[in-house]
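Novice: Pasting a structure here, questions to come.
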Amino acid sequence: MDDVDAVQAQISRNMLDSGDWVTARLDGVAYLEKSPLVYWTMASSYVVFGVHDWAARIPIALAAIALCLLTAWFGTWAFGRRPGFYAGLCLATCVGLYLFTRILVPDVMLTGAIALALWAFLRALEEDEPHPRLWAFVLAASMGIGLLLKSLIAVVFPCGAALAYLLLTHQLFLKRTWKRLHPWSGAGVVLLIAAPWHVLATLRNPPSFAFTLHSGPGEYHGFLWFYFINEQLLRFLNLRYPRDYNTVPRLYFWLLNLVWLFPWSVYVPAAARLSYKPTDRAGRTRLLALCWAGFILVFFTFSTTQEYYSMPCYPAFALLLGSAMALDGESVWLRYGTKFLAVLAALCAAAATAILILVRGVPTPGDISSALTSHPAAYTLALGHLEDLTLHSFAYLRTPLLLAAIAFLLGAVGAWRLRTKRAYLAIAFMMVLFIHAARMAMVVFDPYMSSHPLAEALKKAPTGKLIVDDQYYAFSAVFFYTNRRALLLNGRVMNLEYGSYAPGAPDVFINDADFKKLWLSHNRYYLVAYESALPRFEHLVGPGNLRMMIRSGGQMLLTNEPIKSG
């Protein structure tokens, strides 16, 4: 657990320890850019299970399961049991849901809130729905909860999709539509759920607001300005400061959805040939799903994007794919898709086998970090570390690579030989094995991706003050696993920069001159840094004043005082 995972987990622990469930803090500094509900769920998990890294992951895991079930229920209501099952199966076994729920970000919860909101919207409009007011309440409550998960997009996305649907179905200006949706009472429900936290956060982090669109170093305008103007408006316009994020090129952002929905994306042509006429419940659901996915993808076409920002589209795509996969009589496009997937899986199995042959005699000393390259510019993307892979690094991944090859081989045989409906189960089994192989690979990457070994060594060391070289995120696992604060050397950048200028913010940021003075004092200090920075520290304080305690994954823990053995 490192980077954003340990950050989210530590914020949740800080809330639990301090009793302040309003303002998120890291190293004592206000962290004002995110909504709080994901922290509250993790803190609640700690109350039940204790403070552990696995306990922090439970809410995200449960949310992923709930999302798959919700999609299956939505599909069953709209299309029938078998299409509903296929829709849930598509979502549960696609690449994207696994990749982007291994990170502790609230997007899977947000996706669930949006999916529930749009299902409730459709049900509230159904002529034969006996409880339209109840579903209008669910629609509003989902958006209110979404606001506490990821702010304004939780309202913008379902409202944008719903308005597009109403426009296409000629219901936008009908009195009956708004009578069944109850917008005024719905707005009251949204405010009742979301407003209290926003008001408290504003009052506790003044000033209340600043009328400026300028965002720059050294400026502090309180919570409300930063949260709404800087994080929402200026980020959408790519004018946010600090610019601690990157963006995926627009074309890649669209096309990568075929990867995130793999293997089921091979059935997109079959889904494209479905009827989208709103003449029955199935047609209305397909049309809404199209508006849903289309609005979100177009929205991010004009904004900055990360790979996982399209996750709120996944249930919409899953509904369309599940509906297509259950067509009566085998569609030619389903057969073509299954055969194409069989060939693709066979090629993947062959590629994995070829890599295994190429690295069969390659030695694997130490951990995988010694075989990786470094691309820091890519690390602001969720999957940036994939660029670090080399052929040599696959020697450390022999077991997961072998399992992946077996998975693809079984999937290729099943997809080629079995009838379409049975082939779906073979494909799903392939993905279960492949996802397990990916999990095994993540374990191998742990020393490189996490500073957990340094934290364990620090916990066993004599009492001393901690200095972390770089910004907080770089070694966030050290903070989580040791549950201690640190001085941040040249770390007044990125996520904590804005909060560091708040009135009363702790003085935890130091420069090289401060470091030298502290390190050469008679007090014990520990330093966590990347091994590549060692020459710089040798120049600052001299090699004789640096005592190596542990190296792991290209990271190191140093101290300035000798440690007595035994």
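The values are calculated or read from the model by the stated rules, or taken from the named source; none is laboratory data. Since this is a predicted model, take the numbers as computed values, not measurements. Note that each Cβ is placed from the backbone with ideal geometry, even for glycine, and that neighbours are counted across all protein chains shown.
Novice: Filter region 43-63 for residues that are crowded, with 21+ Cβ neighbours inside 10 Å, more than 26 Å from VAL199 (Cβ to Cβ) and among the aliphatic types (A, V, I, L, M) and give the result.
Specialist: Step one: filter region 43-63 for residues crowded, with 21+ Cβ neighbours inside 10 Å, giving 43, 45, 56, 59-60, 63.
Next, only the ones that are more than 26 Å from VAL199 (Cβ to Cβ) stay: 45, 56, 60, 63.
Correct list: ALA56, ILE60, ALA63.
Novice: I need the full set of residues from region 301-330 which are aromatic (Phe, Trp, Tyr), within 16 Å of the chain's Cα centre (by Cα) and modelled with pLDDT of 90 or more, in order please.
Specialist: Keep residues of region 301-330 that are aromatic (Phe, Trp, Tyr), which gives 302, 308-309, 314, 317.
Subsequent filtering for residues that are within 16 Å of the chain's Cα centre (by Cα) retains 308-309, 314.
Matches in region 301-330: TYR309, TYR314.
Novice: Only one residue in ARG180, ARG123 is assigned to a helix (DSSP H, G or I), more than 18 Å from ARG286 (Cβ to Cβ) and at pLDDT 95 or above, so which one is that? Step through it out loud before you land on a result.
Specialist: Details: ARG123 fails: more than 18 Å from ARG286 (Cβ to Cβ).
Going through ARG180, ARG123 in turn, just one is assigned to a helix (DSSP H, G or I), more than 18 Å from ARG286 (Cβ to Cβ) and at pLDDT 95 or above: ARG180.
Novice: In the set LEU557, LEU527, LEU496, LEU489, which member is closer than 26 Å to MET449 by Cα, buried (at least 20 other Cβ atoms within 10 Å of the Cβ) and at pLDDT below 95? Working first, answer last.
Specialist: Values: LEU557 fails: at pLDDT below 95; LEU527 fails: at pLDDT below 95; LEU489 fails: at pLDDT below 95.
That would be LEU496, the only listed residue that is closer than 26 Å to MET449 by Cα, buried (at least 20 other Cβ atoms within 10 Å of the Cβ) and at pLDDT below 95.
Novice: Looking only at region 332-378, filter to residues that are over 30 Å from LEU321 (Cα atoms) and polar (S, T, N, Q); which one of those is modelled with the highest pLDDT?
Specialist: At the first step, the residues of region 332-378 found to be over 30 Å from LEU321 (Cα atoms) are 353-378.
Pick out the ones that are also polar (S, T, N, Q) and you get 353, 364, 369-370, 373-374.
Values: THR353: 97, THR364: 85, SER369: 74, SER370: 73, THR373: 71, SER374: 63.
Top of the filtered list is THR353.
Novice: Turning to a different aspect of this structure: Hey, could you check region 440-473 for residues that are of a type in the set (Lys, Arg) and without any contact (Cβ under 8 Å) to a residue 40 or more places away in the chain and say which is nearest to GLU387 (Cα to Cα)? Before the answer, list the steps.
Specialist: First, pick out the residues of region 440-473 that are of a type in the set (Lys, Arg): 459-460, 465.
Checking the rest, the ones that are also without any contact (Cβ under 8 Å) to a residue 40 or more places away in the chain come to 459-460.
Numbers: LYS459: 33, LYS460: 35 Å.
Among those residues, the one meeting the criterion is LYS459.
Novice: Give the residue that is nearest to PRO453 (Cα to Cα), with candidates limited to residues of region 343-369 that are small (Gly, Ala, Ser) and without any contact (Cβ under 8 Å) to a residue 12 or more places away in the chain.
Specialist: Of region 343-369, the ones small (Gly, Ala, Ser) are 345-346, 349-352, 354, 361, 366, 369.
Next cut, without any contact (Cβ under 8 Å) to a residue 12 or more places away in the chain only: 350-351, 354, 361, 366.
Values: ALA350: 36, ALA351: 33, ALA354: 33, GLY361: 28, GLY366: 13 Å.
Going through the qualifying residues, I end up with GLY366.
A quick yes/no check of all residues on (1) within 16 Å of the chain's Cα centre (by Cα); (2) assigned to a helix (DSSP H, G or I); (3) more than 27 Å from GLN232 (Cβ to Cβ):
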{"site": "ASP2", "(1), (2), (3)": "yes, no, yes"}
{"site": "ALA6", "(1), (2), (3)": "yes, yes, no"}
{"site": "ASP17", "(1), (2), (3)": "no, yes, yes"}
{"site": "PRO59", "(1), (2), (3)": "yes, yes, no"}
{"site": "LEU62", "(1), (2), (3)": "yes, yes, yes"}
{"site": "THR71", "(1), (2), (3)": "no, yes, yes"}
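Novice: Just name the residue that is modelled with the lowest pLDDT out of those in region 428-469 that are closer than 22 Å to LEU546 by Cα and of a type in the set (Ser, Thr, Tyr).
Specialist: Let us first name the residues in region 428-469 that are closer than 22 Å to LEU546 by Cα, namely 451-469.
Subset that is of a type in the set (Ser, Thr, Tyr): 451, 463.
Numbers: SER451: 88, THR463: 94.
That would be SER451.
Novice: Let me ask another. Those residues that are surrounded by fewer than 18 Cβ atoms within 10 Å (Cβ to Cβ) and polar (S, T, N, Q), I need them from region 336-355; list them, please.
Specialist: Listed by number, the list holds a single entry, THR353.
Novice: Which one of the conditions (1) within 28 Å of ARG25 (Cα to Cα); (2) touching a Phe, Trp or Tyr at 6+ places or on another chain (Cβ under 9 Å) does ASP512 fail to meet, given that it meets all the rest?
Specialist: (2)
Novice: So, one more: Return yes when GLU231 is over 30 Å from ALA78 (Cα atoms), surrounded by fewer than 19 Cβ atoms within 10 Å (Cβ to Cβ) and among the acidic types (Asp, Glu) and no when it is not.
Specialist: Values: over 30 Å from ALA78 (Cα atoms): yes; surrounded by fewer than 19 Cβ atoms within 10 Å (Cβ to Cβ): no; among the acidic types (Asp, Glu): yes.
Here the answer is no, as GLU231 does not meet what is asked.
Novice: Any idea which of (1) surrounded by fewer than 20 Cβ atoms within 10 Å (Cβ to Cβ); (2) over 21 Å from ILE296 (Cα atoms); (3) in contact with a helix residue (DSSP H, G or I) (Cβ under 6 Å, 6 or more places away or on another chain) is the one HIS131 doesn't satisfy?
Specialist: (3)
Novice: Any idea which of TYR530, TYR525, TYR501 is closer than 30 Å to ARG204 by Cα and in the same structural domain as ASP469 (by TED's automatic domain parsing)? Walk me through how you get there before you give the answer.
Specialist: Numbers: TYR530 fails: closer than 30 Å to ARG204 by Cα; TYR525 fails: closer than 30 Å to ARG204 by Cα.
Of TYR530, TYR525, TYR501, the one residue that is closer than 30 Å to ARG204 by Cα and in the same structural domain as ASP469 (by TED's automatic domain parsing) is TYR501.
Novice: Moving on to the next point. Going through LEU116, LEU62 one at a time, which residue ends up being in contact with a Phe, Trp or Tyr (Cβ under 9 Å, 6 or more places away or on another chain) and assigned by TED's automatic domain parsing to the domain that holds ARG284? I'd like the intermediate steps shown before the answer.
Specialist: Working: LEU62 fails: in contact with a Phe, Trp or Tyr (Cβ under 9 Å, 6 or more places away or on another chain).
The unique qualifying residue is LEU116.
Novice: For residues that are touching a residue at least 60 places away in the same chain (Cβ under 8 Å) and either outside the structural domain of LEU234 (by TED's automatic domain parsing) or part of a helix (DSSP H, G or I) (or both), tally how many sit in region 190-221.
Specialist: Looking only at that region, the number is 4.
Novice: Here's a follow-up. May I ask you to say which residue of THR304, THR364, THR353, THR373 is of a type in the set (S, T, N, Q) and part of a helix (DSSP H, G or I)?
Specialist: Checking each option against the conditions leaves just THR353.
Novice: Just for region 20-42: of the residues that are polar (S, T, N, Q) and out of contact with any strand residue (DSSP E or B) (no Cβ under 6 Å at 6 or more places or on another chain), which one is surrounded by the most Cβ atoms within 10 Å (Cβ to Cβ)?
Specialist: As a first pass, look at region 20-42 and keep what is polar (S, T, N, Q): 23, 35, 41.
Restricting the remaining residues to those that are out of contact with any strand residue (DSSP E or B) (no Cβ under 6 Å at 6 or more places or on another chain) gives 35, 41.
Values: SER35: 24, THR41: 19.
Here the answer is SER35.
Novice: Also: For region 149-182, give me each residue that is crowded, with 22+ Cβ neighbours inside 10 Å and hydrophobic (A, V, I, L, M, F, W, C). Break it down into steps so the answer makes sense when it comes.
Specialist: Applying the first criterion (crowded, with 22+ Cβ neighbours inside 10 Å) to region 149-182 yields 149-150, 153-154, 157-158, 161-162, 165, 181.
Matches in region 149-182: LEU149, ILE153, ALA154, PHE157, ALA161, ALA162, LEU181.
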